[in-house]
Amino acid sequence: MAEPRRSVAPGSPAERPLNWIGKPFRRVDGRAKVTGQAQFADDLTFPRMVYMRLVRSTVPHALIRAIDLSAAEKMPGVLAFLTGEDLPTPFGILPVSQDEHALCQDKVRFVGDPVVAVAALSEEQAYEAALAVRIDYEPLKTISGVDEALANPEPRIHDYGDYGNVHKAVSMRFGDTDAGFKAADLILEDLSYFEGNTHLAMEQHSAVALTEDDDRVTLYSSTQTPHYVHRALSKVLALPPSRVRVIACTNGGGFGGKSDPFHHEIAVAKMALKLGRPVKITLTREEVFYCHRGRHPVLMQLRTGFKRDGSMTAQHLKTALDGGAYGSYGVASTYYTGALQTVTYQLPTYHFEGVRAFTNKPPCGPKRGHGTPQPRFALETHLDKAAHRLGIDPATLRLNNLAEADSVTANWLRIGTMGLKECIEAVVEGSGWRQRYAKLPHGRGLGLACGSYLCGAGLPIYWNHMPQSGVQLKLDRSGGVAVFCGESEIGQGSDSVLAAVVAEVLGIDLADIRLCVADTDLTPVDLGSYSSRVTLMVGNAARQAAERARELIAGSVAERLEVPAEQLVFANGRVFSRADPETGLSFAEAVICTEAVHGTLGTTGSYTPPRSPGRYRGSGVGPSPAYSYSAAVIETEVDPATGLYEVRHVWIAHDIGRALNPVLTLGQVEGSVYMGLGEALMEEQVFRRLPERRSNALVHKMPSMLEYKSPTFHDMPPVTTYLIEDPDPQGPFGAKEVGQGPLLPIMPALANSIFDAVGVRIDQIPIQPQMIVKALQAKSSGKPARFGPTSFPEVDFGEELVVPTPAEGGDGRAISDFKHKLRAGMRGASGTMTTREEALKGKKDAPLTTV
């Protein structure tokens, strides 16, 4: 790692002497993991425990005519079965997409949809019994992609959604983009495609359920969101929430793939209630591929107006998402493909249109960067093309267009600190960009790209006015502190962040802290490990709880020592006078002194994000207490004859706010580089039809780690990392996220480096050698020197929401929607009347009506 670049304001938290924050320390769960003491869900065993398997659909779209259990019932060790009749209540992660059943009711929607659950005395017996179950299907038309979903509104995969097989259609305009395009000196239009891919977490999904009584169940699960699993279980099992307990086990990776409530979690809990004994289910790797919830395949059309100096005047982005068979986070995913385009560069007017289609494939959802890597790829390659058209260095174009700190974007997102300038300068200097870009020998090139991401979603999934994270402390006479919090450690180091914040405030050792986390019976609510929310939200809640404890202790100790409370220092396991360090008490003595005054000591802390200025429909996606920023330069060597290429070096800088633990931060940055390279080079969740089968089955092309390619140690290039520290007042000790943002610039930086190396554009991810060869062949024959999509489908994006920007004097609210204006017959500033026919003709040439 290169020396951190720090930009620290005088008097900021980063300037105070700190004991733990900002220093490397061993993970609090590190010893248990390397010694094998950590208990993953599949490690758990209980007396009388039995095993469950799911019988999954072998066809992509069909009605269920009949289920025959007769042969399976006679097999040795078989104890019980469940079908859709046993679990009739639907569930889903979003309140607007409650479209899943733990076991299919009367219809299957993709190969892998669970239909029957079977329990037996051993896992092998459950497996054999599952194979003996016979299901009779009546095949329905298979919808394999967005184009087919748009062309075939019937049969509908679901009986809800905006229309036909379209789950969600969005159209939002911020400011007068028509005027912005008219003012442009260059209008650039591009098409890009980002293939879907999956999370590939090391640990497969696993869950164990056991009952304490007829109507009380406990679920141990490898989940990122125990709070939302608890909610789904209570709903589907029709049990009061107080009778359901969810414990998130030590997690072997998630990356978003374990943030939905899943069928197997609900079915195993129901089976435990039915049998009155513990039941375990662990999915095979193939089943994990079919559970999916990974990166959406997205087709994008991007049109931007530029002035000669490289500044942008307007942008219009269209996205089309292949959502798979169920809603999952899909509505949010659709909005996310457009929401964060504005927080990186100055964009005065912005038009976003997105559509998500249902298809007969495993459902897509959130993967690291949720909904933002796809449009980031489109934007950053687009900017590289604009820089070349305008004769401006790509780094200079970006530096001249940076969004301002402490500003509000066109779509009403509030930006706090903004360290992207320092990020770009760090990678430009480290890579020798100014001396080497566009000057390397043919076949070798440099590419630059940037990115930005949330530090936690500004609103909870189920909107309410309660905190998004809570922490409770119990202070013991021994000097130990028990910390209770609902956060889920999924390998990212959140337990260590929680412990370090409390230890820092109270001045005690990490070894004196005991954590109780992710247990819905024992811990305060935390919404889960997603949207890079844990460091900021849990950290703030922990700091508040610890500061309240410190205040109680300081008052009692001050009275005991006859020292002003504001003069007391908490450090090195003691509470002492700043003026006379010998005058003080050990932390344990200080707790005893305080307990004698106040009784049993306990404090709580919580965190609720500040409200976003946006008030329009859809404004709940995108706001965050803070945004992180990243920049990357990649050096690549390409063989023009074969298209084979190798990434030689990655320079990456990340605006972390403040690194609470630089070693953990470095691991997250380099992990993002690894995952980003995997998506850019080789990873793809693709499917093939089996035409010889009557159902025309749509099956996963490579549902195993043998065939689904991901980078190995051999594929990882040298990585130089720069941590840019500019403490953000919204974060605990100034910290911002690092779990997802550094992934975003990797894919476009690779594409831009290939252009610098051989002069062709690859507008598609992953970038495969044959794509480079085809682009070079096109170039040599006088055709556009590119490989990628060539058209965007005709889409009805629905009602257009018109929102004045801050620069236009707006207040964050929409003035009306497009169709409402048509009905009202409102005239624009030009006095022209927009007809309904003009609007339905694609709405491309229809003038924008504004007030």
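The values are calculated or read from the model by the stated rules, or taken from the named source; none is laboratory data. In this text the structure is predicted, and so the values were computed from the model without any measurement. Every residue, glycine among them, receives a Cβ derived from its backbone with ideal geometry; neighbour counts consider all protein chains shown. For accessibility, only protein heavy atoms count, side chains too; no ligands or nucleic acids. Shrake-Rupley method; radii C 1.70, N 1.55, O 1.52, S 1.80 Å.
Worth a mention:
- Value of [θ]222 nm, deg cm²/dmol, for the chain, DSSP H segments ≥ 4, -39500 (n - 2.57) each, nearest 500: -7500 deg cm²/dmol
- Segment M49-N572, extension gain: residue separation times 0.36 nm, minus the distance between their alpha carbons: 183.6 nm
- Seen from a random direction on average, the alpha-carbon convex hull of the stretch 516-657 projects onto 16.7 square nanometres.
- The residues of the chain have, on average, 37 Å² of accessible surface per residue, using a 1.4 Å probe with all protein chains present.
- Computed about its Cα centre, the charge dipole of the chain is approximately 1400 debye, with only Lys, Arg, Asp and Glu carrying charge at their Cβ.
- Above-threshold pairs, the threshold being 28 Å between Cα atoms, out of K182/K779; K318/K385; K709/K783: K182/K779; K709/K783
- Semi-axes of the equivalent ellipsoid for the stretch 564-646, computed as √(5λ) from the eigenvalues of its C-alpha gyration tensor and ordered from largest down, come to 53, 27, 13 Å.
- A straight line joining the Cα centroids of the stretch 315-353 and the stretch 491-528 runs 34 Å.
- For the chain, with all protein chains in place and a probe radius of 1.4 Å, 51% of the accessible heavy-atom surface sits on carbon or sulfur.
- Sites T604 and Q777, calculated FRET efficiency, Cβ-Cβ separation with R0 51 Å, nearest 0.05: 0.20
- Stretch gain in nm, segment E589-R689, where the contour uses 0.36 nm per residue and the Cα spacing is subtracted: 28.9 nm
- Straight-line cross-link partners of K23 among the aspartates and glutamates, defined as a Cα under 12 Å from its Cα and at least 8 positions apart when in the same chain: E504.
- The peptide list 260-273, 425-438, 33-46, put in order of mean Cβ contacts within 10 Å with the highest first, becomes 260-273, 425-438, 33-46.
- Dipole axis of the chain (+1 Lys, Arg; -1 Asp, Glu on Cβ), positive-most option in I424, P717, P748: P748
- For the stretch 47-200, the orientation-averaged shadow of the C-alpha convex hull comes to 14.2 nm² (one quarter of the hull surface).
- Distance (nanometres) between label positions extended 7 Å along Cα→Cβ at L402 and K33: 3.3
- For R617 and D136, the FRET efficiency from 1/(1 + (r/R0)^6), where r spans their Cβ atoms and R0 equals 45 Å, is about 0.55.
- Cα point-scatterer Debye curve for the stretch 696-812, base-10 log of I(q)/I(0) at q = 0.11, 0.17 Å⁻¹: -0.80, -1.11
- Prolate/oblate/rounded call for the stretch 154-233, Cα gyration tensor, a/c under 1.5 rounded: prolate
- For the stretch 589-601, backbone phi angles converted through the Karplus equation (6.51, -1.76, 1.60; θ = phi - 60°) give residue-by-residue couplings of 5, 5, 5, 4, 4, 6, 5, 5, 8, 9, x, 3, 9 Hz, Gly and Pro being listed as x.
- Legend: distances between Cα atoms for K107/K141; K235/K270; K361/K701; K235/K274; K107/K367; pairs beyond 20 Å are K107/K367.
- Pairwise FRET efficiency - M466 versus S122, Cβ, R0 = 35 Å, nearest 0.05: 0.20
- If you sort the three axes of the alpha carbon gyration tensor as a ≥ b ≥ c, you get a/c of 1.5 or more for the chain and a/b no higher than b/c, which makes it oblate.
- For E551 and D580, the difference between the fully extended length at 0.36 nm per residue and the C-alpha to C-alpha distance is 8.5 nm.
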